[in-house]
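The structure appears below as C-alpha cells.
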Amino acid sequence: MRALVTGGCGFIGSHVVRSLIASGWAVTNLDCLTYASNPGNLADVAGNPRYTFVHGDICDFDLARNLVDKADVVLNFAAETHVDRSLLDPLVFVRTDVEGVVSLLEAVRHAPQARLVHMSTDEVFGSLPLGIEAAEDAPFAPTSPYSASKAAAELQIRAYAATYGLPITVLRCSNVYGPGQHLEKFIPLFTTRALAGEELPLYGDGRQEREWLFVEDLLSAVGVVLADLPVAPGAHAVHIGSGERLPNIEVAGRICDLAGASRSLIRPVFDRPGHDRRYALDCANLRARGWAPRVPFDEGLSRTVRWYADQAATWSHSADNDFAAYLDRQYSARLSAVEEFGS
Ligand code: DAU
C-alpha cells in the first residue's frame, strides 16, 4: 500500500511515517519544512527504498494533486499546531490549516482511489464542563484562531464529503506527547527548562485540564483506523484520547520530580488569552473497535523526560535564533512581571 503523509517531518507525522514504513507501506512524505519540522526525526528511515521525501507545501495544488494521484491513503498531519502562536500570528493558521486542507480535498476529489485521513483536535469543541465528554457528533465551539481553523477545515471536509460523496476519516486527538516534540509545547518546554534549572511559566492558576496521550498509543489507534477505512460517503470522526486528564500544575510538578528539579521552579504567569479550561473526549467508539491506550501517563512522561535528558543533541535543533525570538516574545514580559498570577 502507498501512503502520502503530509507534515511527515513534524512530531506526530514523523512517528506515523516510521510506523508505516515498519509495517511495510511505501511512504511519500510531503513537508514544507517549517520551523516545527525536524528532518532529523526521520534519519533512521531516510535511506529506506520505500521512503520518499518531497519538499513542498500542501497549498500547492498541482503538487498535491500529482502526489495524491499515486497514493492509496493520504494522511494529513501538515498543520500549524501551536495555540500560543495562533494568538500572535493567525493568518498562517488559516492558510495551512484551512486552505491546505481544501487543496488536499480538491486533489482527493480527482483521485477516487485515495482515502483521506485528516488530523483534527479535541479543541474544536472548546472548553467542556466537568463531567462532560465530547462524543463524535458534539457541536463545535472553538475559541482560539488555531482551533477555529481546525473546525473550519472540518466543515470543509463535511462539505466535500456531502457534495462529492467522499469517504473521509477525521481523527480528533487529545494532547499527544512523547519523544521528538517541538520545544514550544508544554511538556517539552517544561522538561527542557526543568533540566536546565530554569523557571517554568505556568499560565494562570494552572488548573486547566488536558488529556494526555502517549504518541505510541496514537500510532496503535492509527493502525486500527487504517485497517478498516470507511467506504460509505461522509466525514467519519474518530476520537482518540487516553482518559488521563490532569491539571497542568500537577503535570508541571511531576516533570520537576522526574527531571530532578525543585518544584519551586514553577512560576505562575499571566494566562493565555481565551485559555480553554478543560478538554475531554468520549472514545467509546474506538475502544469498541478493540483499541485501548497501553502507556499510562506516569510511564510515558518518565520515558519522555528521559528522552529529552539523553537526546539534547536531537532536540536542540529547536534552540535556534527564531525559537529564541519566539521565547522572548511569548515569555519575557510574563516572567519579568512581579505580580502573582497563581492565587
Ligand atoms: O488538545 C489537542 C491540542 O493539544 C492540539 O490540537 C494542539 O495542536 C496542541 O498544541 C495542544 O494544544 P494545547 O494548547 O493544549 O497544548 P500546549 O502544549 O500549548 O499547552 C498545554 C497546556 O499547558 C495548556 O493548558 C496551556 C499550558 N501551558 C502551555 C505552555 C506552552 C502553560 O501553562 N505554559 C506554557 O508555557
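Read-outs throughout are calculated quantities, based only on the coordinates presented, and are distinct from any laboratory measurement. No experiment lies behind these values; they were computed from the predicted model shown. Heads up, the Cβs are rebuilt from the backbone with ideal geometry, glycines too, and the neighbour counts pull from every protein chain shown.
Based on the alpha carbon coordinates of the chain, what radius of gyration and maximum Cα-Cα distance (Dmax) apply, in Å?
Radius of gyration, then largest Cα-Cα span, for the chain: 19.4, 59 Å.
Calculate the translational D of segment 1-88 in whole µm² s⁻¹ from Stokes-Einstein, where the hydrodynamic radius comes from the Kirkwood formula applied to all Cα pairs, the temperature is 20 °C and the viscosity 1.002 mPa s.
Numbers: Rh = 13.0 Å.
Reported coefficient: 164 µm²/s.
Roughly what angle does helix 11-22 make with the longest principal axis of the chain, taking Cα atoms, 0 to 90 degrees, to the nearest 10?
Once rounded, one gets 50 degrees.
How far is helix 321-336 tilted off the main Cα axis of the chain, in degrees rounded to 10, range 0 to 90?
Approximately 40 degrees, to the nearest ten.
Normalized C-alpha radius of gyration of segment 141-243, against 2.2 N^0.38 Å?
Output field value: 1.35.
If you take the beta carbon distance between Asp137 and Leu33 as r and set R0 to 41 Å, what does 1/(1 + (r/R0)^6) give as a FRET efficiency, to the nearest 0.05?
0.65
Please order Lys150, Lys70 by the number of other Cβ within 10 Å, starting at the fewest. Each step should come with its number before you reach the end.
Details: Lys150 29, Lys70 14.
Ranking Lys150, Lys70 by Cβ neighbours within 10 Å, fewest first, gives Lys70, Lys150.
So who's got an amide H within less than 5 Å of the one on Thr121, skipping anything under 5 residues away but keeping other chains? H placed 1.01 Å off N, in plane.
For Thr121, whose amide H was placed from the backbone, the distant partners under 5 Å are Cys173.
Any chance you could check the Cα centroid distance between segment 203-248 and segment 33-76 for me, in angstrom?
The distance from the Cα centre of segment 203-248 to that of segment 33-76 comes to 23 Å.
Evaluate the relative contact order of the chain (contact order divided by residue number), counting alpha-carbon pairs under 8 angstrom at least 6 apart; express in whole percent.
Numbers: 646 pairs, mean separation 58.0, N = 343.
Relative contact order for the chain comes out at 17 percent.
Can you sort Thr6, Thr96, Thr163 by how many other beta carbons sit within 10 Å, fewest first?
Working: Thr6 29, Thr96 23, Thr163 11.
So the residues, fewest neighbours to most, are Thr163, Thr96, Thr6.
Which distance in nm do the two modelled labels at Arg303 and Glu106 give, with both placed 7 Å along the Cα-to-Cβ direction?
Roughly 4.1 nm, to one decimal.
Identify the residues of segment 96-134 with backbone N under 19 Å of a label point that sits 7 angstrom from the Cα of Asp69 along the Cα-to-Cβ direction, or state none.
So the set is 103-116.
R0 = 25 Å: FRET efficiency of Gln113 with His55, Cβ-based, nearest 0.05?
0.50
Please name whichever of Gly56, Phe190, Asn285 sits farthest to the positive end of the charge dipole of the chain, dipole taken about the Cα centre and charges placed at Cβ: Lys and Arg +1, Asp and Glu -1.
Value: Asn285.
If you wrap a convex hull around the C-alpha atoms of segment 1-151 and split its volume per residue, what is the figure in Å³?
125
Using the 10 angstrom Cβ neighbour count as an exposure proxy, how do Phe186, Phe125 rank, fewest first?
Arranged by neighbour count, lowest to highest, Phe186, Phe125 become Phe186, Phe125.
Hey, what do the phi angles of segment 65-78 turn into as Karplus ³J(HN,Hα) couplings, whole Hz, using 6.51/-1.76/1.60 and θ = phi - 60°, x for Gly and Pro?
The phi angles translate into 5, 4, 6, 5, 4, 9, 10, 8, 9, 10, 10, 9, 10, 6 Hz.
Counting only DSSP beta bridges with both residues in the chain, tell me the antiparallel percent, nearest 5.
Among the beta bridges of the chain, antiparallel pairing accounts for roughly 5 percent.
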